[in-house]
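Coordinate-derived values only; no laboratory data. Source: prediction; values computed, not measured. Quick reminder, even Gly has a Cβ in these numbers, built from the backbone with ideal geometry, and neighbours come from all protein chains shown.
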Amino acid sequence: MPKRSKAIDVLFVNWRDASHPEGGGSERYVHRMAEGFSAAGLRVTLLCAAHDRAPAEEVLNGVRVVRRGGRMSVYPSALAFVRRHRPGLVVDVQNGFPFLSPLAGRAPVVNLVHHVHREQWPIVFGRVGGAVGWWVESRLAPRLHRRSRYVTVSGATAEELTGLGVDADRITIVPNGIEPAPAVTAQRSPAPRLVVLGRLVPHKRVEHALEVVSRLRHRWPDIRLSVVGEGWWADELRATAEQLGVTDLVEFQGFLDEAAKHEELARAWVHLCPSVKEGWGLVVSEAGHHHVPTVGYRSAGGLRESVLDGRTGLLVEDLDEFTAAVERLVDDEATRHEMGRAAARHAASYGWPASVSAFAGVLAAAAEGSAAGAVVEDVRRRLAALRDGVVRVDGGRDTEDGGRGEAAAPSDGEQEGDQSLHRGTRFRKGRRRPVTVEVAAVIHNTATTQTPSASA
């Protein structure tokens, strides 16, 4: 039996890191947690897939990032890494496919799930491949992690996990924090300007945003849609824009760095989030920082918490309602401004320090209840100190008081304070899979009938 390396107190295993070309909100969440633990004196490593935008290994903000394997080979690479280094604690980040961390040794494992992928599987893999993927996620993963504690970012995902057989008392909701928005020079556009931000993949359903512009151009000929992001579905979206006759109204921005992204958000009137599923929707908070309300689908899960319906934006059931909601906000300046101000307050109420502290509490509890508790006792004590506020984490502060600020009432955000604190996954690169009838129906549907609890 190899001796446990003392170099790693907490190991995150994740498919991607924040520097990955397809990295998004979920990867930023992982980095923030890892950086918070490192600031508390823990030795933290993140194992993820290699890519051509970053070296095989580096240290970022105190976190050692090790990149091994590719899109699928990262999984056996991670298993071998856990076996070889025997970290004190493992955070298994499940993006549809679980890592096999519980099989790699005696270290306590916490399973981090941003959202459940039932709707995405057939979009990416088709009917047969999607069924296999859903079996892995809904049957194999809960069995594999039957003794693990779970962390998720929203009450909606927590409900879905319980529907898959995960005990509710093993699930802790730890929400996304939000970085303070950088200073911008951009002014609000004088003409109606919409923005959609995220990876250009089918389940983000940017087609719906294009359709909205097509329907509203007769009333506002100068309306514009800014599409921020890159992805393998970009050519399909440009083709759709051409078919709808809106190429003159749509600006495909591609990838924008943080500063340019916030400049673009500051110009917008309304943020559109037509995704099939979001664990939380970090872009909602980013738009909110700039007083931009969001329109999204209620069935997307986490949007029911990142968007306070009727206060910070509007949640709808189908494409017709989506169009009507956007039309209302573009037309009604007073309501748009009121919701924008509320969106800014809601975004500012989520700070990384509180989220890091809550996550540390989960890890401390996992260590305490483990048979390997004696081995990780020092790690547990440090995590407990972080949880209890003995160790302060000053990064990621969003409000002047450094905490969550003005928390939403449980009836609005479905949260219950810091003790129960609370984007998709692309499984394919390169040659596109032909779009099947089922996939087209999901992308272009005018109504989403399954609720998150039903889909579980």
Original post:
Label ASP320 and VAL136 with points 7 Å out from Cα along Cα→Cβ: what is the distance between them in nm?
Top reply: 3.9
Original post:
Using the Cα atoms of the range 292-362 to build a convex hull, what is its mean projected area in square nanometres?
Top reply: 5.2
Original post:
In µm²/s, what is D for the range 133-233 at 4 °C and 1.567 mPa s, where D = kT/(6 pi eta Rh) by Stokes-Einstein and Rh is the Kirkwood radius from Cα pairs?
Top reply: 73
Subject >> Most positive-pole-ward Cα, TYR297, TRP220, GLY231, against dipole of the range 193-348 from beta carbon charges >> reply: TYR297
Subject >> Kirkwood-Stokes translational diffusion coefficient of the range 52-150, alpha-carbon pairs, 20 °C, 1.002 mPa s, µm²/s >> reply: 145
**OP:** Could you calculate, for the range 169-302, the ratio of the Cα radius of gyration to the Kirkwood radius, expressed as Rg to Rh?
**Re:** 0.98
Original post:
Size of the dipole of the range 193-348 about the Cα centre, Lys and Arg at +1 and Asp and Glu at -1 on the beta carbon, nothing else charged, in debye to 20?
Top reply: 320
**OP:** For ALA80 and ASP309, calculate 0.36 nm times their separation in residues minus their Cα-Cα distance, and state this gained length in nm to one decimal.
**Re:** 77.9 nm
Subject >> Length released on extending from ARG238 to ALA260, taking residue separation times 0.36 nm less the Cα-Cα span >> reply: 5.7 nm
**OP:** Please report how far the C-alpha centroid of the range 138-214 lies from that of the range 272-329, rounded to the nearest whole angstrom.
**Re:** 11
Original post:
Among GLY41, ALA78, LEU60, which residue has its Cα positioned farthest towards the positive end of the charge dipole of the range 34-115, with +1 placed on the Cβ of Lys and Arg, -1 on the Cβ of Asp and Glu, and the dipole taken about the Cα centre?
Top reply: ALA78
**OP:** Please report, in debye to the nearest 20, how large the charge dipole of the range 120-252 is about its Cα centre when each Lys and Arg carries +1 at its beta carbon and each Asp and Glu carries -1 there.
**Re:** 320
**OP:** Would you mind calculating the relative contact order of the range 193-348 from Cα pairs under 8 angstrom and at least 6 residues apart, reporting the percent as a whole number?
**Re:** 23
Original post:
For the range 38-134, what proportion of DSSP beta bridges, expressed in % and rounded to the nearest 5, is antiparallel?
Top reply: 40
